[in-house]
Structure formats: structure tokens, C-alpha cells
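Quick notes on the structure that follows.
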Amino acid sequence: MKATEVKQDIYWVGATDWNIRNFHGYSTGRGTTYGAYLIMDEKITLIDTVKAPFAEEMLSRISDIVSPEKIDIVISNHVEMDHSGSLPAVRKLCPNASIYTCSPAGVKGLTAHYGPGEYLPVKSGDSVSIGKRTLTFVSTPMLHWPDNMVTYCPEEKILFSNDAFGQHFASSERFDDEVDLSLVLEEAKKYYGNIIMCYGRQAQAAWNTVNGLDIDIIAPSHGVIWRRNIPAIMDAYALWSSNEPSTGAIVVYDSMWNSTDSMAKTIAEAFGDSGIHAKLYDLKSNHYSDIVPDLLTCKYIAVGSPTLNNQMMPSVAAFLCYLKGLSPKNREAFAFGSYGWSGQSIELVEKELEACGFHICLDKIRIPYIPSEEQLQKIYTDVTDILK
Ligand code: FEO
């Protein structure tokens with residue numbers, strides 16, 4: 001397989017995972033890539049590897065440029081196995097290569113995954129000369145693991161950003177200006193929401209660091225390489241990491257016999273008629289990770305569930321569990337749902353929304369069995385009232 005030249009003597013040697021549709025619980029409808037980068041300098045350097053099943057693909061791309069045994073330095077920006085999984089294969093081929101990683105979490109993580117090794121810990125700001133080029137390491141802890149770092153090459157103005165600025169987007173093209181930018185930004189937003197949103201403070205700190213660097217290329221470890229649209233992705237990260245919602249609304253629910261469904265549609269209509277852009281998500285038809293991009297920028301969240309065996313629907317519980325983990329801030333929320341005789345689900349949903357840290361802007365809406373026209377009209381009025 002061929003390597004792709006990013007700049008003279010710098011190559012993308014990663015792998016394309018066309019068929020992955022679930023990335024540890026995140027739906028990846030457009031597949032993904034695992035970016036690894038080879039720098040041909042006095043010391044031949046490999047930045048990150050790929051998921052283990054793709055080791056042969058990566059080694060084949062490296063072999064397009066140089067025999068893999070000649071690699072002198074391996075840099076591990078991040079221990080998670082989609083980037084370190086082929087490290088054992090590389091170590092086997094190049095037993096004397098130095099492996100640089102972030103200290104101490106990177107060393108601890110690599111040791112836990114692959115056993116003891118000659119891992120060379122680096123601190124934020126440390127540099128290594130590989131010949132004509134220098135590589136400087138910048139720690140980006142909890143973006144999204146404790147070990148995360150990025151690697152910057154000042155002579156080439158390239159940032160090897162690992163997960164940051166990534167997108168789960170498989171393509172035969174390697175650069176942002178070779179694909180539909182709207183699709184890439186859509187996937188970058190989904191990636192940010194699902195992977196990075198809960199570390200917004202750290203994302204802002206990293207953004208400030210990156211913004212201070214002179215950069216021509218951002219080479220992430222998922223998706224396409226940014227070279228023409230760096231301002232677009234930097235502006236987007238500035239907006240998303242601010243965690244300041246705009247005015248949109250999402251209505252997320254499950255329904256058994258369409259009663260909660262009727263309530264959800266009435267709520268969405270009330271938002272829309274009040275000038276609030278609203279989106280409706282039935283959890284039977286939508287994966288929770290596909291809802292997150294709208295969650296990233298919406299101000300209002302309405303969550304509905306009928307009562308099933310004294311509980312909320314499992315699909316709604318899963319969504320709320322995921323939502324709590326992502327911990328978006330500064331949202332207005334309320335619960336709704338129909339029920340038969342006990343109706344605990346709506347209160348349970350409201351409690352979960354409170355536990356997410358949201359402000360409850362409307363008392364829970366409970367309707368027995370099937371909502372009448374009058375009851376739907378009251379829901380409509382109550383929702384429009386909070387928006388006045
Ligand atoms: Fe793409 Fe955190 O690994």
C-alpha cells in the first residue's frame with residue numbers, strides 16, 4: 001500500500017477502517033481512519049501507530065518509503081489502542097527504537113498495555129532533534145485521557161494532534177480540501193461532542209496552546225488532514241469548547257403506544273413556533289451518539305419516557321447515562337411522558353436531568369394513558385410560556 005506525502009519527507013502511513021460502525025459505543029456511520037505519520041530525517045521517526053488489526057496495512061505503507069526496521073524513534077502521543085495497538089508489531093521489528101511518550105501517565109499506560117519497555121518520558125515543552133527537524137511535545141492531559149500529548153514540528157509548521165481535531169471519516173482522500181468540507185466539519189462536531197465535550201476546560205487550554213503556534217498543517221490521528229481550512233476547525237473548537245449553548249432545542253424520547261410520541265411532537269412544535277430551532281429524536285430510530293452534535297449547541301433539552309415496569313424505558317436510561325457523562329453545562333431541561341397507573345418514569349427522568357446539572361425550566365409533564373387534544377394544547381402553551 002502507498003504512503004501519502006504530507007510535506008516533503010513526511011508521510012501519512014495510517015490505515016482506513018471503512019467498515020467500523022461502532023467505536024466503543026459511538027456510532028461511526030462513515031467509518032474512520034487511524035493516522036500514523038513517518039518522518040524521513042537523520043533519525044527516522046514514526047508518530048503514533050494504528051489499531052492492532054491494521055498493523056500490516058501501516059507496515060505496508062511504511063515499506064513504500066523505507067524498511068520498517070530502520071525506524072529510530074517512535075512517538076506515542078496517546079496510549080488508547082486505536083493509536084498504540086500496533087506498537088508491539090513495531091517494537092518487534094525495531095527493538096532498538098526509542099519510544100517517547102508523555103510522563104508519567106503515558107509510561108504507566110504503555111506499561112499496563114504492553115509490558116515494561118524503554119519508554120522515554122517527556123514533559124510538556126521538551127524537544128527532540130531528529131536531524132533537520134525538531135519535535136516538541138505539548139501535554140494535553142484529559143483530552144481525552146491523562147496521557148494525551150500533541151507533537152509539533154516548528155520547521156515544518158505541522159502539529160500532529162492525535163485525537164484533537166479528528167473526525168471519524170473514512171475516505172480515500174487524505175486532505176480537507178479534497179473532500180466535502182461540510183461532511184468533515186459535521187463529523188468533527190460529532191467527534192468533539194462524543195469524545196471531548198466533557199473535557200471542555202482542558203480543550204480550551206489546549207486550544208489556547210495550539211493557537212499560539214505557527215501552523216500550516218494539523219495532522220490528526222482520525223480523518224482528514226487540515227491544511228486549507230485550519231481557521232474553520234479552530235473557530236469551531238473555540239465555539240464548542242466554550243460550552244455556551246445557542247438557542248436550539250432537542251426533544252429526545254421513547255414511546256410504547258405513541259402517547260409520549262404525541263407529547264414529544266407537540267413540544268417540538270411549541271419550540272419551533274416560538275422561533276426556537278427544534279429537533280426530535282425517537283430513541284428507537286436514533287443512536288444516542290448521533291444526538292450529541294445537536295446537544296453541543298442546544299439550550300433546551302426535553303426528555304420523555306413512558307413508564308415500563310415502574311422504570312423509564314431502558315433506551316431513555318441509556319441516553320441519560322451517556323448525557324450525564326458528557327456533562328454539557330448551562331442547559332434548560334424538563335421531563336415528560338405518558339403512563340398507565342404508576343408513572344414513576346417521568347420523575348426518574350427529571351431527577352436524572354437534575355443530576356446532569358441542568359436547570360429544570362418546566363415542571364415534569366405527566367399524562368395518563370392517551371393525551372387528549374386539550375392536554376396537548378396545555379403542553380403546547382406551557383412550553384411556549386417558558387420561552388416568552
Ligand atoms: Fe483515537 Fe483516544 O483514541
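No value in this document is a laboratory result; all are computed from the given coordinates. Keep in mind it's a predicted model, so treat the numbers as computed, not measured. So basically every Cβ, Gly included, is an ideal-geometry build from the backbone, and we count neighbours across all protein chains shown.
Does the stretch 73-89 contain any residue that is more than 23 Å from the chain's Cα centre (by Cα), part of a helix (DSSP H, G or I) and more than 20 Å from residue 151 (Cα to Cα)? Within the stretch 73-89, one or more residues are more than 23 Å from the chain's Cα centre (by Cα), part of a helix (DSSP H, G or I) and more than 20 Å from residue 151 (Cα to Cα). Checking the conditions here, which among 218, 250 is touching a helix residue (DSSP H, G or I) at 6+ places or on another chain (Cβ under 9 Å) and closer than 24 Å to residue 135 by Cβ? The unique qualifying residue is 218.
Total residues in the stretch 330-383 satisfying the condition of being among the hydrophobic types (A, V, I, L, M, F, W, C) and surrounded by fewer than 18 Cβ atoms within 10 Å (Cβ to Cβ): the figure is 5.
Evaluated against (1) within 19 Å of residue 366 (Cα to Cα); (2) surrounded by fewer than 18 Cβ atoms within 10 Å (Cβ to Cβ); (3) in contact with a strand residue (DSSP E or B) (Cβ under 7 Å, 6 or more places away or on another chain), residue 230 falls short on exactly one condition, (1).
Exactly one residue out of 373, 350 is over 27 Å from residue 21 (Cβ atoms), in contact with a Lys or Arg (Cβ under 6 Å, 6 or more places away or on another chain) and not basic (Lys, Arg), and it is 350. Against the definition (out of contact with any strand residue (DSSP E or B) (no Cβ under 8 Å at 6 or more places or on another chain) and away from the ligand (no atom under 16 Å from the Cβ)), how does residue 117 come out, yes or no? The answer is no for residue 117. Yes or no: residue 296 of a type outside the set (D, E, K, R), in contact with a helix residue (DSSP H, G or I) (Cβ under 8 Å, 6 or more places away or on another chain) and under 21 Å from residue 258 (Cβ atoms)? Spelling it out, it is not the case that residue 296 is of a type outside the set (D, E, K, R), in contact with a helix residue (DSSP H, G or I) (Cβ under 8 Å, 6 or more places away or on another chain) and under 21 Å from residue 258 (Cβ atoms). Specify the residue that is nearest to residue 298 (Cα to Cα); the eligible residues are those in the stretch 341-376 that are in contact (Cβ under 8 Å) with a residue 60 or more places away in the chain and over 32 Å from the mean Cα position of the chain (by Cα). The selected residue is 365.
Are any of the residues in the stretch 70-79 under 30 Å from residue 22 (Cβ atoms) and away from the ligand (no atom under 16 Å from the Cβ)? For the stretch 70-79, residues under 30 Å from residue 22 (Cβ atoms) and away from the ligand (no atom under 16 Å from the Cβ): present. Listed conditions (1) in contact with a Lys or Arg (Cβ under 9 Å, 6 or more places away or on another chain); (2) within 14 Å of the ligand (Cβ to nearest atom) are all met by residue 38, apart from (2). Would a scan of the stretch 216-232 turn up a residue that is of a type in the set (Ser, Thr, Tyr), within 18 Å of the chain's Cα centre (by Cα) and more than 23 Å from residue 136 (Cα to Cα)? No, that holds for no residue. Of the residues contained in the stretch 24-34, one or more are found to be among the hydroxyl-bearing types (Ser, Thr, Tyr), in a loop (DSSP other than H, G, I, E, B) and within 24 Å of residue 171 (Cβ to Cβ).
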